[in-house]
Amino acid sequence: MDIEETEDAVLLDPDMLQLPEVSTYALKSSPYVAEELFSQWLSLPDTSRLVRSLLADAKAGVPLNALGNSTSANAVSSNSLPSMFPAASTPPLSPRSSSGSPRTVKQRVSPSSLGSPLKLISEPVREIIPQFYFKDGRPPPNEMREHFLFQIDHHFYGHMDGLQLHEFKSVTKEICKLPSFFSSTLFRKIDVNFTGIITRDQFIEYWIHGNMLNMDLATQIYTILKQPDRTYLVQDDFKPVLRELLATHPGLEFLQSTPEFQERYAETVIYRIFYYMNRSGNGRLTLRELKRGNLIAAMQHADEEEDINKILRYFSYEHFYVVYCKFWELDTDHDFFIDRENLIRYGNHALTFRIVDRIFSQVPRKFTSKLEGKMGYEDFVYFILAEEDKSSEPSLEYWFKCIDLDGNGILTRNEMLFFYEEQLHRMECMAQEPVLFEDILCQIVDMIGPENEGYITLRDVKASKLSGHVFNILFNLNKFIAFESRDPFLIRQEREDPTLTEWDRFAHREYIRLSMEEDGEDASNASGDVWDESLEAPF
């Protein structure tokens, strides 16, 4: 035995006592108890016989076995060391679960299973960790799969040859849980041979074996819309879905007699989608951008709501009407392009020449039109959304790039002064009391609250709720004056319905104004002529 001698007492190593019935901590904290237990152990008859047997074997030169016990006939028949506690004198420990943590589990083993009778060994037990990563998504539970197959059998019952396009819509909506206007796109995705029929086996092959069942709704829509050789969505990928929406939605039936406006409506919806969701601005909508946006929820809303104008995000016809009419008012020669002189007239000449020049220099966004100095309809959609809703991040980025003359990512005093000088001159021409730039600069700093008062970063702009008003101060005189003399009635309206954005309120006001103007024109025409419904405006 390893016994350490001190000046006054002899101390034992408690681990050497090999007492599974007593905790090692208790022995270490009470060394004299350990000594007493060791003395009692030595006095046991079995211990005496074991010691004598070991001594006899040592004198005879007999080697010890692997357990360190005697191999002679005098040895104790049991391989275990003598215990001071009778059998079953202590209750068993509660069983421990072998599952749970993947860490190694320490098991207590009896001395007979050890290589040494004086040491306990902790042996790691390997646990099988279940698979947690699946390349094509986690397989659905068997119950879900069986239920899905039952639904398929129900819809394909009585259609041994398969389903045609007009019969497939119920499968799209009830089984796949997709908006109903995805029916044609999904049908063509499965019917690769253009037979005009989808069989039960074809649908199971695409939806179940193709792992569509494992995906979330956004990934399913992304997979259905995108081309097989791409990892992103482009504008053309949304056109088939919008064509079916125009053909089937009850709120858009009145447009079926005017296909040219159907096309403009679809384009406007797509432009709005990419304006808000394609944050990189490269025209390639990724799955991550699709999941981060609210397009999926808007599509589901459009599928359930009969009044298309209640879907304020992307699909409202009234919003399209306002955008298109605004463009048509500025495009005096109706060549579907706008130049600098046309844009200057926007909002009753609200914008300064300097900010219009920055827009046409294509700093905030490259024009899609190929004509020099001309803005196309898509470019105008981006402009009007940025101008009328300066609370959104795309708008803040748009105007920040315009004011950042040197493109270094910060707005300095001189850059803001460059744009405000024209505002100051316009106020003097309109007999308005001019506000000095020094006072304006202090107001801007208070409104933005930048981290460094010497300049303003895009991060500062996005962190402030008043950033849109700062841009109005710099280049939109009408909105600047309106902000300085705020109408309490409008403020109360905004507080009553905070869910509406600045764009929603603007579009609502403009639609009412445009409708009244059209009604007035219709009334004046009707006063001299008999009303002819064929002359009614297409919208």
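The values are calculated or read from the model by the stated rules, or taken from the named source; none is laboratory data. Keep in mind that what you see is a predicted model, and the values were worked out from it rather than measured. All Cβ positions, glycine included, derive from the backbone under ideal geometry; neighbour counts span all protein chains shown. SASA here: full protein model, heavy atoms, side chains in, ligands and nucleic acids out. Shrake-Rupley method; radii C 1.70, N 1.55, O 1.52, S 1.80 Å.
Structure above, values below:
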{"item": "Magnitude of the charge dipole, segment 396-442, Cβ model with Lys/Arg +1 and Asp/Glu -1, debye to 20", "result": "100"}
{"item": "For F38, solvent-accessible area (1.4 Å; no DNA, RNA or ligand), Å²", "result": "30"}
{"item": "Given charges at Cβ of Lys, Arg, Asp, Glu: segment 338-510 dipole, positive-most of M447, Y420, S369", "result": "S369"}
{"item": "Using a Förster distance of 30 Å, the FRET efficiency for D439-T499 (Cβ separation, nearest 0.05)", "result": "0.30"}
{"item": "With every protein chain in place, segment 354-450: carbon and sulfur % of accessible area (1.4 Å)", "result": "52"}
{"item": "Label-point separation in nm, E36 to K59, each point 7 Å along Cα→Cβ", "result": "3.6"}
{"item": "Segment 415-489: C-alpha gyration tensor shape, a/c 1.5 cut-off, then a/b vs b/c", "result": "oblate"}
{"item": "Highest to lowest packing among 143-150, 396-403, 251-258, scored as the average C-beta count within 10 Å", "result": "396-403, 251-258, 143-150"}
{"item": "Selection of trypsin sites (Lys or Arg not before Pro), segment 256-301, meeting DSSP coil and at most 15 other Cβ within 10 Å", "result": "R284"}
{"item": "Solvent-accessible area of V33 with every protein chain in place, 1.4 Å probe, in Å² to the nearest 10", "result": "80"}
{"item": "Residues K401 and M427, FRET efficiency given R0 of 35 Å [Cβ-Cβ distance, rounded to 0.05]", "result": "0.85"}
{"item": "Solvent-accessible area per residue, Å², over segment 381-439 with all protein chains present [probe radius 1.4 Å]", "result": "44"}
{"item": "In nm, spacing of pseudo-spin labels at K177 and E372 (7 Å Cα→C-beta vector)", "result": "5.6"}
{"item": "Low-density loop positions, GluC sites (Glu not before Pro), segment 404-483 - DSSP coil, at most 13 other Cβ in 10 Å", "result": "E451, E453"}
{"item": "Förster radius 45 Å - calculated FRET efficiency between T47 and R126, Cβ distance, rounded to 0.05", "result": "0.75"}
{"item": "Inter-label distance for K291 and K465, nm, one decimal - labels placed 7 Å from Cα along Cα-to-Cβ", "result": "3.1"}
{"item": "Most to least packed among 458-471, 378-391 [average Cβ atoms within 10 Å]", "result": "378-391, 458-471"}
{"item": "Accessible area expressed per residue, segment 138-214, with surrounding protein chains retained (probe 1.4 Å, Å²)", "result": "57"}
{"item": "Carbon and sulfur %, accessible surface of segment 227-315 computed with the full protein complex present, 1.4 Å", "result": "45"}
{"item": "Shape of segment 199-250, Cα gyration tensor, a/c cut at 1.5", "result": "oblate"}
